[in-house]
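The values are calculated or read from the model by the stated rules, or taken from the named source; none is laboratory data. Owing to the predicted nature of the structure, the values given are computational and were not obtained by experimental measurement. Methodologically, a virtual Cβ is constructed for each residue, glycine included, from the backbone with ideal geometry; neighbour enumeration extends over all protein chains shown.
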Amino acid sequence: MSTTMQTAEERVARLIDETNLTNGGGLKPWNYELTAEVANIGVAATEDEQTLQVNPDWLRFVVSSEDFKACVADEIVAWYLIQELTTGS
C-alpha cells in the first residue's frame, strides 16, 4: 500500500470538517477517532457529538483503493438517513 497513514487521516479530518460545516446548524458536531476496536468503521453517538470510528489499517486500504467516498464518507450520510427514519428528525 502506497497510501500513508497521514494521507488517509488527512482525508478523514477534511471529511469531518466539511460535514460539520455542511450540517452545522444546531446539529451535534462530528468527531473521528482511529481505533482498532472496530473492524472497519462505525459511529458512536452521545448526547453531545457523533464520533466516526475508523480502523486505521482498513482506512489505508480504502484510501489506496480509491473507495474512500463509498466506504467512509457515505457512512455519515447513511447515519443521517437512519436517524431521520428512526426519529423523524
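A few remarks follow.
- Taking every residue in the stretch 5-28 that is on the phi > 0 side of the Ramachandran plot and pairing it with any residue that is surrounded by 11 or more Cβ atoms within 10 Å (Cβ to Cβ) and modelled with pLDDT of 85 or more, at least 6 positions away or on another chain, yields no pair with a Cβ-Cβ distance below 9 Å.
- All positions within the stretch 8-45 that are of a type in the set (Val, Ile, Thr) and at pLDDT 90 or above: VAL12, ILE16, THR35, VAL38, ILE41, VAL43
- Flag: VAL63 matches the condition of being touching a residue at least 60 places away in the same chain (Cβ under 8 Å) and either in contact with a strand residue (DSSP E or B) (Cβ under 9 Å, 6 or more places away or on another chain) or not small (Gly, Ala, Ser) (or both).
- Out of GLU33, GLU66, GLU18, one residue alone is touching a Ser or Thr at 6+ places or on another chain (Cβ under 8 Å) and among the acidic types (Asp, Glu). It is GLU33.
Table: residues versus (1) touching a Pro at 6+ places or on another chain (Cβ under 7 Å); (2) buried (at least 17 other Cβ atoms within 10 Å of the Cβ); (3) assigned to a loop (DSSP other than H, G, I, E, B).
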| site | (1), (2), (3) |
| --- | --- |
| ALA13 | no, no, no |
| ALA44 | no, no, no |
| GLU47 | no, no, yes |
| PHE61 | no, no, no |
| CYS71 | no, yes, no |
| LEU85 | no, no, no |
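- Here ALA39 fits the description: exposed (fewer than 11 other Cβ atoms within 10 Å of the Cβ) and small (Gly, Ala, Ser).
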